[in-house]
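Everything below concerns the one structure shown next.
The values are calculated or read from the model by the stated rules, or taken from the named source; none is laboratory data. The shown structure was predicted, so the numbers you read here are calculated from the model rather than taken from an experiment. Note: ideal-geometry Cβ built from the backbone for every residue, glycine included; neighbour counts use all protein chains shown. Heavy atoms of the whole protein, side chains included, go into the accessibility calculation; ligands, DNA and RNA do not. Shrake-Rupley method; radii C 1.70, N 1.55, O 1.52, S 1.80 Å.
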Amino acid sequence: MAIIQTSNKLSLRQEEYCICSEPYVFFRLISDRDGVRLMTATASEDTGEYRVFGNQASLISATSRAFEDRNLNYATKKDQMGRAYIETSVYPDKDDLLHLAATVLDQIGFEDISVLALREMKAIYDEFSVGDSGEYTYLSGGMWITSDGRLIEK
């Protein structure tokens, strides 16, 4: 299951988190005076608890698609070792960040409980939606489901 946990991989002068799912780290979150930034991880955690995902090209490709689907501008950068990654500014909403991570993990073929749950939510949307409009679909009790599998209360 994808989780967000604290990290100190890059610097002690900023708040850092990583989004990981055993045994990999997929993303880093940095909070500093410039705001909150989300980036693909290029290196393993120093603690050895999580290692970097081996297929960086697929991680970057899937992440860029997810960013584009959300109309997020992003930049391609290189870390100190010359490894490519992408970065965008985000609003630090835990549920939204974990949904984004599950979406990317699904696209790269990584299976964990969050990906399986996302697939199930998308199947529920497909079952109850009318047409291919992509509009929210009403479930009941003020709950709606989106085409990307999120529940929204209106």
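Computed FRET efficiency, Cβ-Cβ of D34 and E127, R0 35 Å: what is it to the nearest 0.05? With a Förster radius of 35 Å, E is 0.25. One Cα centroid belongs to the range 19-44, the other to the range 123-140; the line between them spans 32 Å.
The residues of the range 35-154 expose, per residue, 59 Å² of accessible area to a 1.4 Å probe.
Here the 3J(HN,Hα) profile of the range 116-131, calculated from phi with Karplus coefficients 6.51, -1.76 and 1.60 at θ = phi - 60°, is 4, 5, 4, 4, 5, 5, 5, 5, 5, 4, 4, 5, 9, 6, 10, x Hz, Gly and Pro shown as x.
Binning the C-alpha pair distances of the range 3-110 at 5 Å intervals from 0 yields a P(r) profile of 2, 12, 26, 28, 22, 9, 1, 0 %, listed from the shortest bin outward.
Expressed as a fraction of 2.2 N^0.38 Å, the value expected for a compact globular protein of N residues, the C-alpha radius of gyration of the range 59-154 is 1.23.
Please sort by residue number the GluC sites (Glu not before Pro) in the range 104-138 whose DSSP state is loop and whose Cβ has at most 15 other Cβ atoms within 10 Å.
Working: sites: E111, E120, E127, E135; in loops: E111, E135.
Those satisfying the criteria are E111, E135.
Accessible surface for K154 stands near 140 Å², nearest 10, in the context of the full protein assembly shown (1.4 Å probe).
Rounded to 0.05, the FRET efficiency of the M143 and R70 pair, given R0 = 30 Å and the Cβ-Cβ distance, is 0.90. Entry note, the chain: the mean residue ellipticity at 222 nm calculated from DSSP H runs of n ≥ 4, each adding -39500 (n - 2.57), is -9500 deg cm²/dmol after division by the residues and rounding to the nearest 500.
Modelled spin-label separation between M81 and M1, with each label point placed 7 Å from Cα along the Cα-to-Cβ direction: 3.1 nm.
Find how much the distance from N55 to D93 grows on full extension, using 0.36 nm per residue of separation minus their present alpha carbon separation; answer in nm with one decimal.
11.0 nm
Based on Cα contacts under 8 Å between residues 6+ apart, the range 3-110 shows a relative contact order of 21 percent.
Inter-label distance, E135 to Q14: 4.2 nm, where each label sits 7 Å from its Cα along the C-beta direction.
Here the chain exposes an accessible surface that is 49 percent carbon and sulfur, computed with a 1.4 Å probe and the other protein chains kept in place.
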